[in-house]
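The structure appears right after this line, and notes come after that.
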Amino acid sequence: MKFKRVFLVVLDSLGVGEAIDADKYGDQGANTLGHIAEQYPLFIPNLKKLGFLNTISMTDAPSEAYYTIARPTNPGNDSLDGHYELMGIQNEVPFQNFTENAFPRELLETIATVTRKRIIGNLVADGETVLERLGDKQIEYDALLIYTSNGSNLKVAAHEDSIPVEKLHEICQVIREITTKEEWKVGRVVAKPFVGKNGSYRFTKESKEFALDPPKKGLLDTLMENKYSTICFGKVADCFNGRGVSKVIKTRSNLDGLNKFTDVMTKNFQGLAFINLSDFDSDFAHKKDVEGYAKAIEELDVEVAIMFNKLNNDDLLIFTADHGCDPTMESNRHTRENVPVILFSRSFKEPKRLPILESMADIAATIADNFEIEPPEIGTSFLDQLN
């Protein structure tokens, strides 16, 4: 075992250039980090010295970390597709996506019958637009405000005074069971409670995702079977429906998550700490807010310095992403992109650029190799290249 603890940070949506099959997704030219860096003068000294910006063009430059990019191989651009692959899980069939014409009438009628709630909405839109257009109607009708946005998801919004949070979560669990039917199988059902009054509605941080059990065994399962810790922050546990997770730590924002993540760095454990920083995606990428995204990257850079100070010599820190979502593209949906892979340890002697990884699952294979456990179904370890 080279590393006692591995800290994996997923920068949700921070892709670094079109994947080799981007044309199949209509994503030619996508480059989330590259285009942000072109439009905003990023000040990220800590990430820069790790080779973060080098991943845009894969140039050779002095670095304090190993750096490269990984190609996505699982079909689809949803967070589940990316997280599955990062944990070495192959998912041959992409989840259903309803971003073209919204949900079929039969599905909505089934939901209405089972939940005994009126259905309104059925829109393909961002959440703020949905609340602005139909927030009043949701309260008036005590209805389920259903919409989808940017990926394989079914979102259910309700004002907390109309449908309490716990009740909304129960309803979404029912909808999750309904949408296990193949033709309706979305990756995630998402409860979206909101508060406020007309003209000032806002979503709360009580959002909850209802995913599916992963189709196969992955790295988290194997780590837990071998008595290693699997500490998951943010939406990571939701992505795997809690499977293979030894401890769940809820987060309310990138900064809140990073504060809790760095706190865990002071604890004594063996295994994996795994966080998703979802604000990049939900708060900035989908809203096409280049400046906001850039400032969020700069805020991360400040936290990176804190991480450095809390790492032990036998720790490994990894930064990567699950997919892209280029805010400069015409659409605001996820984009098919390669993801950055940055690996830092105090024990590294001569870090440098690594060859391109043929799958994001290579990360899982490397972590498994480090802990000397059964390798995942897909992925190739590069542990022997880290010296």
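No value in this document is a laboratory result; all are computed from the given coordinates. Source: prediction; values computed, not measured. Please note: Cβ atoms are built from the backbone with ideal geometry, for glycine as well, and neighbour counts cover all protein chains shown.
A few notes on this one:
- Rounded to 10°, Cα long-axis angle of helix 165-178 versus longest principal axis of the chain: 90
- Nearest-0.05 FRET efficiency for Glu225 and Thr380, computed from C-beta distance (R0 25 Å): 0.70
- P(r) weight above 17 Å for the range 105-208, C-alpha pairs, percent: 46
- For the chain, the longest principal axis of the C-alpha atoms and the axis of helix 254-264 are separated by about 50°.
- Extension gain from Lys185 to Asn259, taking 0.36 nm per residue of separation minus the Cα-Cα distance: 23.1 nm
- Simple spin-label estimate for Lys216 and Val174 in nanometres, 7 Å along Cα-Cβ: 3.6
- Summarising the strand pairing of the chain, around 35 percent of its internal DSSP beta bridges are antiparallel.
- Cross-link table Lys247/Lys352; Lys137/Lys197; Lys167/Lys205; Lys192/Lys288; Lys235/Lys260, entries beyond 23 Å C-alpha to C-alpha: Lys247/Lys352
- In a simple Cβ point-charge model (Lys, Arg +1; Asp, Glu -1; nothing else charged), the range 105-208 has a dipole of about 120 debye relative to its Cα centre.
- In the list (1) 1.28; (2) 1.13; (3) 0.97, the label attached to Cα Rg over 2.2 N^0.38 Å as derived from the coordinates here is (3).
- Kirkwood Rh in Å, taken over the range 1-76 so that all alpha-carbon pairs contribute: 14.3
- Highest mean packing comes first when the peptides 322-331, 252-261 are listed by Cβ atoms within 10 Å, giving 322-331, 252-261.
- Between helix 127-141 and the chain: long-axis angle, C-alpha atoms, 0 to 90°, nearest 10: 30
- When only Cα pairs below 8 angstrom with a gap of at least 6 residues are kept, the chain shows a relative contact order of 32 percent.
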